[in-house]
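Asker: Can you read through this structure? Questions will come right after.
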Amino acid sequence: MSTHQEDQTARMLEMFDNLNADKYQLKEYKYIGQKAPRRIDGLAKASGHADYTMDIQLPGMLHMRLLMSPYAHAKILKMDTSKAEKLPGVRQVVRYDDPEVMKAEIIGKTAGFFGLDRPLSDAAHMEGELVGAAVAAESEDIAEQALALIEIEWEERPFNLDPVAASDPSAPLSFPERYIDGNHWNRGAYDELIHGDIKKGFAEADKVIEFKFNRTANTWVGPERPCGVWRWNGDCPEVWLKHQRVHLPKSRISEWFGGIPMNKIIIHSPYQGASFGGWCQIDWNLGPLWCAALASKRAGRPVKYIFNRREDFFGGSMDEGTYFVKVGFKEDGSITAVEATLYHVNAIWPVFSPVLHLHDNTRIPNLRGQSKSIWVNKGHTVPTRCEMLPPVLTQTMVLDRVAAELGMDPTELALKNDGCMGHGMDWDDNEKKERGFQVIDSLKECIDKGKAEFKWDASWHKPGARKLPNGRMHGVGFTWAHEWDDSCGSGEFAIRIERTDGSATLLAMAADNGVDAEATYCQIAADELGLLLENVHYNPHEYAGFYRMTPDSSTNMSVNGWAVRYAARILKQKILESATSPSSPTQRGSFQAAFPNTKPDELDIKDGVIFVKANPSKRMSIDDFVRLAGESGPCATDEFLGTRVGWSEPLFASSYHVQYGAYNPHNPRPRFCRQAHFMEIEVDTETGEIFVTRVVNVNDVGKVINRLSCEGQQYGGSIMGVSRAKFEEVVHDPVTGVILNGNLLDYKIATMKDLGPVSTILVETGMGYGPYGLIGVGEDIGTVIPGLMAPAVYNAIGVWMDDFPITPGKILKALGKE
């Protein structure tokens, strides 16, 4: 190994620790930090030529529909499918009591957090759960008709909808097949956080307040309904997935039907019509695919399963629940203690304490927070945009309530309490120094930029104090949090230099999530390799031997960015070595070097041209360098003697990155980057309607890679956050437990017309743990903005709203006008 390679390896190993600043950044950037000139997926999506899983049509393909429970809690006593089986066009009916179904484990040993569940059950624990039967027919309509012909005798059971009531030991069991000792179910991971002495903290406080708030169900429903396609090629499955984590289904499929070798499974990941976490994270999201696989096996034909729009309202976001909060603070705004308990609806993921962000973000010395996951007869709640929703919502409600109690500007209270894990900013600044970062007050920088853009000092006022000429009440709100990239995970990338033209291809399969990630990874590769961006391409939809970390908790760029960078640097070194001494272990002798009598470290690459650093006139383009290697024919004739020819070694490199995450107690990482958000609203006190007139987002992303992508997250997250705060609510009938608004007419989602201008400001302090000092931004805004509506409404009307979403009816009720 060369000295240069040893140095590169040492640098990579050092950077794998995820604990310190990036010491080996590029000296200059051409593409990193800019708006990518083109989206790789832009033309396909804008022209309508992008293929989604729902678009897949195969010769002879059958269409599968699945039976959904019409009851919130019920058990099948008897089921007759004979009429359905006799309907013309029906080819397969898969029943819950089929021997293969009874022994199937759709999740298996690779399940991670989740337990075992059969693809079809005889018991339903929520309205809309997959139960009983699946029908594969010549068309979707025929399959739907067949489902209607299935005769079922049901045993209806008592159900729960409210998590606090369901936590009472006398409440009926919501899920007796799994949780026989009560409806309180926790794994014990992250659900309780205790820091300091909570009693001492309250004793030291000048004032103590207690309050409660509620977040009702909201869901992930998106343009493309859940679907998937299965085809058997002999004993080799070929699968088209609408799934956010394409690597997981492949590993789980390998355990089905007695075991299928991984190298026989072909996975396709077409464009995705949105998921935001959602459906792909619930226990049995692969159940329909298993049923399609069985039907395909028996019918000898491909099978596509499809949900209708109503069935897409299967579950919801994991901030649903009831929050009880107690806060102690001093007259100067210093918070001394926070105690919070969340009765969390059906949270099957690791349940984070509601005070987690107060621990991560502040100097508050005494904290106690507990999340109680209570099973009720609704759909599963999962990270829908982000698992940080409960602690972020709690932080906003705590800090803004304290500011309101003191009549204090909330931006000043934020700076007063900024810190980390109970420590103040002196400790925080020392940690920055120890880890190699510049000492910058990220929150102050974000607040200052946001206040200037928003004109905060002229806009903020006492609650209910400003009536506008149009008769509406004016209100403003502020909140903040840290930026995060916390999840554990790994990413793999390879890069190949193509023969003949010297273009670069990135290789790593992943799901499309619409944030222009593909162009972003190309920007890193182009700058690191010294290539023109237009000569770097990436298609993530097909498997090429590598998986990148797929859409997951704002962590992708912090993990995959390292993998791309490592691979690019290894590959660049290979190019320079091949340019000076082309040889390989399988080659006899060596070809004439492109740069004879030159060492690799004497060369560099810029704009796709290899050149001698001491004499840039000695140069050769990458395409000229590789062209002969892509040609065939004799090279030992007089015509070719003495001419440099191509080398035998392919120009290819791969690498990976592993992140253990900030929640690992053995690997704590203080978060240094902050974000600040400002909202202006008008409230019509006669109708209760809220008009969002302006939003300002300020995010310290450490280092911008693709500016357009970052700004897109800010803009799109603002719309999604306003949507959740104002509109989104799955309404359940308290008498029957069924969903009353399971469609996109009655379940309102905000559009760009539902809020005014959105200002997007990006701060670059370089204090992230990702490459170049970056940190995630993907989930932040859509997670933080919903809670911001509450202080803005309070500032407008002088009344705290304690139930999200904040609808006109709730406003009128708070004003005594219902």
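Asker: With both bridge residues required to lie in the chain, what share of the DSSP beta bridges run antiparallel, to the nearest 5%? Walk me through the numbers on the way to the answer.
Answerer: On the way: 96 of 129 bridges.
Approximately 75 percent, going by the DSSP bridge assignments.
Asker: From the residues H125, Q573, Q523, which one has its Cα farthest along the dipole of the chain in the positive direction, the dipole being from +1 and -1 charges on Cβ of Lys/Arg and Asp/Glu about the Cα centre?
Answerer: Q573
Asker: State the answer as a single residue: which of L62, V612, I76 lies farthest towards the positive end of the charge dipole of the chain, with beta carbon charges of +1 for Lys and Arg and -1 for Asp and Glu, about the Cα centre.
Answerer: V612
Asker: Would you kindly compute the Cα radius of gyration of the stretch 759-818 and its largest Cα-Cα separation (Dmax), both in Å?
Answerer: Rg, Dmax (Cα atoms, Å): 17.6, 55.
Asker: In addition: Show the residues, 5+ positions off or on another chain, whose built amide H is closer than 5 Å to the amide H of N741.
Answerer: Close amide H contacts, sequence-distant or interchain: V731.
Asker: Can I ask one more? Go ahead and run the numbers for FRET between D206 and D754, Cβ-Cβ distance against an R0 of 51 Å, rounding to 0.05. Please list the in-between numbers first.
Answerer: On the way: r = 41 Å, r/R0 = 0.80.
Efficiency for this residue pair is about 0.80.
Asker: Keeping every protein chain in place, order T362, T341 by accessible area at 1.4 Å, biggest value first, i.e. largest first. Walk me through the intermediate numbers first.
Answerer: Details: T362 0, T341 30 Å².
Largest accessible area first, the list is T341, T362.
Asker: Going toward the positive end of the dipole of the stretch 295-438, with +1 on Lys and Arg Cβ and -1 on Asp and Glu Cβ, which of P390, M408, H344 do you reach last?
Answerer: Sorting the options by dipole projection puts first H344.
Asker: Rounded to the nearest 5, what % of DSSP beta bridges with both residues in the stretch 220-305 are antiparallel? Before the final figure, lay out each step's value.
Answerer: Numbers: 9 of 12 bridges.
Roughly 75 percent of the DSSP beta bridges within the stretch 220-305 come out antiparallel.
Asker: For the chain, calculate the relative contact order in percent as a whole number, restricting contacts to Cα pairs under 8 Å that are 6 or more residues apart.
Answerer: Numbers: 1967 pairs, mean separation 129.7, N = 818.
For the chain, the relative contact order is 16 percent.
Asker: Percent antiparallel among DSSP beta bridges with both residues in the stretch 688-818, to the nearest 5? The partial results should precede the final answer.
Answerer: Numbers: 1 of 8 bridges.
Of those bridges, close to 10 percent are antiparallel.
Asker: With each label point set 7 Å from Cα along the Cα-Cβ vector, what nm distance links V658 and K78?
Answerer: Here the modelled spin labels are 5.7 nm apart.
Asker: Any idea how far apart L745 and I266 come out in nm if each label point goes 7 Å out from Cα toward Cβ?
Answerer: Between L745 and I266, the simple spin-label model gives 4.2 nm.
Asker: Given R₀ = 60 Å, what would the calculated FRET efficiency be for H49 paired with V735, taking r from the Cβ atoms and rounding to 0.05? Could the numbers behind the result be given before it?
Answerer: Values: r = 48 Å, r/R0 = 0.80.
Using R0 = 60 Å, I get an efficiency of 0.80.
Asker: Still on this structure, I have one more. Between S621 and L19, what length comes free when the chain is fully extended (0.36 nm per residue of separation minus the Cα-Cα distance, one decimal in nm)?
Answerer: Values: separation 602, 0.36 × 602 = 216.72 nm, distance 3.88 nm.
Full extension from S621 to L19 adds 212.8 nm.
Asker: Here's something else I'd like to know. From the phi angles alone, apply the Karplus equation (6.51, -1.76, 1.60; θ = phi - 60°) to the stretch 709-724 and give each ³J(HN,Hα) in whole Hz, x where the residue is Gly or Pro.
Answerer: 5, 4, 5, x, 5, 5, 5, x, x, 5, 5, 5, x, 4, 4, 5
Asker: Solvent-accessible area of D162, probe 1.4 Å, all protein chains present, reported in Å² to the nearest ten, please.
Answerer: My reading of the accessible area for D162 is about 70 Å².
Asker: If you average the sequence gap of Cα pairs under 8 Å that are 6 or more apart and divide by the length of the stretch 398-540, what percent do you get for the contact order? The partial results should precede the final answer.
Answerer: On the way: 106 pairs, mean separation 20.6, N = 143.
So the answer I get is 14 percent.
Asker: Further question: So, with +1 on the Cβ of K and R and -1 on the Cβ of D and E, and no other charges, what is the size of the charge dipole of the stretch 309-444 about its Cα centre, to the nearest 20 debye?
Answerer: Values: 15 positive and 20 negative charges, 101 e Å.
Charge dipole of the stretch 309-444: 480 debye, to the nearest 20.
Asker: Continuing with the same structure: Which lysines have a Cα lying under 29 Å from the Cα of K817, excluding residues fewer than 8 positions away in the same chain?
Answerer: Cross-link targets: K212, K462, K467, K726, K748, K753.
Asker: With a 1.4 Å probe and all protein chains kept in place, how do T381, T693 rank by accessible area, largest first?
Answerer: Working: T381 0, T693 45 Å².
Correct descending sequence by accessible area is T693, T381.
Asker: Still on this structure, please answer the following. For the stretch 675-818, report the accessible area per residue in Å² (1.4 Å probe, heavy atoms, rounded to an integer).
Answerer: Numbers: 4470 Å² over 144 residues.
About 31 Å² of surface per residue is accessible.
Asker: Moving to a separate point now. Let me spell out the model: positive unit charges on the Cβ of Lys and Arg, negative unit charges on the Cβ of Asp and Glu, origin at the Cα centre of the stretch 415-520. What dipole size does that give, in debye rounded to 20?
Answerer: In debye, rounded to 20, the stretch 415-520 gives about 920.
Asker: From the phi angles alone, apply the Karplus equation (6.51, -1.76, 1.60; θ = phi - 60°) to the stretch 204-220 and give each ³J(HN,Hα) in whole Hz, x where the residue is Gly or Pro.
Answerer: 7, 6, 7, 8, 10, 10, 10, 7, 9, 9, 9, 10, 7, 5, 9, 10, 9
Asker: Helix-only estimate, please: 222 nm mean residue ellipticity of the chain, summing -39500 (n - 2.57) across DSSP H runs of length 4 or more and dividing by its residues, to the nearest 500. Let's see the in-between values first.
Answerer: On the way: 21 runs with 218 residues, N = 818.
Counting only the DSSP helices, I get -8000 deg cm²/dmol.
Asker: Which FRET efficiency value, to the nearest 0.05, is calculated for E602 and I180 with the Förster distance at 60 angstrom and r the Cβ-Cβ distance?
Answerer: On the way: r = 72 Å, r/R0 = 1.20.
In this case the efficiency is close to 0.25.
Asker: Would you mind getting the Kirkwood hydrodynamic radius of the stretch 439-579 from its Cα pairs, rounded to one decimal in Å?
Answerer: Values: mean 1/r = 0.0536 Å⁻¹.
Kirkwood radius, the stretch 439-579: 18.7 Å.
Asker: Taking H as built 1.01 Å from N, whose amide H comes closer than 5 Å to the amide H of A205, not counting residues under 5 places away?
Answerer: Amide H neighbours of A205, under 5 Å, 5+ apart: none.
Asker: Modelled label-to-label distance, V164 and K817, 7 Å Cα→beta-carbon offset: nm?
Answerer: Between V164 and K817, the simple spin-label model gives 2.7 nm.
Asker: Local charge sum around P163 (other residues, Cβ-Cβ under 15 Å, Lys/Arg +1, Asp/Glu -1)? Walk me through the numbers on the way to the answer.
Answerer: On the way: positive: K212, R215, K372, K378; negative: D162, D168, D191, D319, E320, D803.
Result for the local shell: -2.
Asker: Still on this model: Treat every Asp and Glu Cβ in the chain as -1 and every Lys and Arg Cβ as +1, leave all other atoms uncharged, and give the resulting dipole magnitude about the Cα centre to the nearest 20 debye.
Answerer: On the way: 87 positive and 109 negative charges, 149 e Å.
Once rounded to the nearest 20, the dipole reads 720 debye.
Asker: Right, next: For F804, list long-range residues whose amide hydrogen, built 1.01 Å from N in the peptide plane, is under 5 Å from its own amide hydrogen.
Answerer: N214, R215, T216
Asker: Quick check: convex hull over the Cα atoms of the chain, volume per residue in Å³, rounded to an integer? Spell out each step's value before the answer.
Answerer: Numbers: hull volume 150.3 nm³, N = 818.
That works out to 184 Å³ per residue.
Asker: I'd like the Karplus ³J(HN,Hα) series for the stretch 399-409: coefficients 6.51, -1.76, 1.60, θ = phi - 60°, whole numbers in Hz, and an x wherever there's a Gly or Pro.
Answerer: Whole-Hz 3J(HN,Hα) from phi for the stretch 399-409: 5, 6, 5, 5, 4, 5, 4, 8, x, 9, 4.
The values are calculated or read from the model by the stated rules, or taken from the named source; none is laboratory data. Please read all numbers here as calculations on a predicted model, not as lab measurements. Note: ideal-geometry Cβ built from the backbone for every residue, glycine included; neighbour counts use all protein chains shown. To get the accessible areas, we keep the full protein, side chains included, count just its heavy atoms, and leave off ligands, DNA and RNA. Shrake-Rupley method; radii C 1.70, N 1.55, O 1.52, S 1.80 Å.
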